[in-house]
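Please treat every number below as a calculation from the coordinates, not as lab data. Please read these numbers as outputs of a predicted model, since none were measured by experiment. When we count neighbours, we look across all protein chains shown, and the Cβ atoms used for this are built from the backbone with ideal geometry, even at glycine.
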Amino acid sequence: MSAMSPSQDTVAIGTRKGLWLARSADRNTWALSGPHFLMQEVASVGIDTRTSPPRILAGLLSPHWGPTVVISDDLGETWSEPEAGAITFPEGTGESLGRIWQLQPDSESRPGVVWAGCEPISVWKSTDGGNSFELNRPLWDHPHRPDWGEGYGGAAAHTVLPSPADDTVHVAISSGGVYRSNDSGGSWQARNQGISAYFLPDPDPEFGQCVHKIARDAEDPSRLYAQNHHGVYRSDDSGDTWVSIADGLPADFGFVMLAHPRRGGTIWTVPLVADGERIPPQGQLAVYRSTDAGTSWTRLDSGLPAAEYNAILRDAAGLDSAEPVGVYFGTRAGDVYASSDEGETFTLVATNLPDVLCVRAAPTGMAG
């Protein structure tokens, strides 16, 4: 691996067998470092740009020591781990942490707040930048919890979306559906009306949907987008109701849903054929972008391989906050792609890595 040089952007690549960091000054040529934490699964990464330099948080799963959160305040040069473990179930719950699926820094107005979504299905909140987390008891004690199912990848709260506008927080659960709190996690309500659960006896239940990923609109915080286990949806009322936006896509199955960090109505997804055929349609990898909140879609595949039969997982895709926005994703074959022009063209960042589980990108200033 080449040594990391001074750069402006960092892409963190979590895989089944470790973490790699890529840096670039132009988002076209990349220097790769790693592996960090070789042979440990890295299912979640968060880059907290509210600190200087940005803090990188990673959710590890060691086959020997189990799951933990590690933190770097020098862009991956050194790492620290809370001695008692950042995420530990309280005594009396009868549970132990299985995997950390999501590490999500909150907004600029709530410095130090970081959310975690975990397996078993649980949400956690840190107020000290990720050094320690507290279990959200209202969701843990929710009367629906005994009836939440387990997705193919496990039972997890895999997405946490705090609103920058107010105390609203949305959580996506596999498989439980979308839940919303209006009081920063003090209480939770299922919000799945219009999202199909065709695999259940009642295809329109209050909860039980297998939502794969949700994202929040940048200009209208009450507008949400969802990639479901078959189905692509939009909500214009903070999740109270959902409508299909799958028309124009080659398939309605997939895992990725990304929303532009500044421009409302612009989203990206990566379709796969079906739950029983988890490959790009016709074996041809493409990203689809909408600039009108899902009314229409544009296929983007310049720079991507002509043939690809590997899936892109829910958090194996991310955006940066540059102008124009960068789009990044990795495949289960270990290939990672970057676009510095919102998906118009892609270049290869890394190849032949282990199975890519998560990709996060952010401007991180000059290294060194």
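Just add up the charged neighbours of Pro250: K/R +1, D/E -1, any other residue whose Cβ is under 15 Å from the Cβ of Pro250. Before the final figure, lay out the partial values.
Details: positive: Arg278, Arg289, Arg299; negative: Asp247, Asp252, Glu277, Asp301, Glu308.
Surrounding charge for Pro250 is -2.
Of all the options Pro201, Pro111, Pro261, the one that moves most in a Gaussian network model of the chain with Cα springs shorter than 10 angstrom is Pro201.
Each peptide in 309-318, 150-159 receives the mean, over its residues, of other Cβ atoms within 10 Å, and ordering these scores from highest gives 309-318, 150-159.
When Lys and Arg each count +1 and Asp and Glu each count -1, what net charge do the other residues less than 15 Å away from Pro324, Cβ to Cβ, add up to? Don't skip to the answer; put the middle values down first.
On the way: positive: Arg27, Arg262, Arg263, Arg289; negative: Asp9, Asp26, Asp320, Glu323, Asp341, Glu342, Glu344.
Within the 15 Å Cβ shell, the charges total -3.
Taking the Cβ of each residue in Lys125, Lys17 as the centre, tally the other Cβ atoms inside 10 Å and list the residues starting with the fewest. Spell out each step's value before the answer.
On the way: Lys125 19, Lys17 16.
Ranked by crowding around the Cβ, least crowded first: Lys17, Lys125.
Using Cα-Cα distances under 8 Å and only pairs 6 or more residues apart, what relative contact order does the chain have, in percent? List each step's numbers first, then the result.
Details: 1091 pairs, mean separation 49.0, N = 368.
For the chain, the relative contact order is 13 percent.
Shape analysis of the chain based on the Cα gyration tensor places the equivalent ellipsoid semi-axes at 28, 26, 19 Å, largest first.
Taking Asp202, Asp106, Asp320 in turn, the Gaussian network model of the chain (Cα-Cα springs below 10 Å) assigns the largest fluctuation to Asp202.
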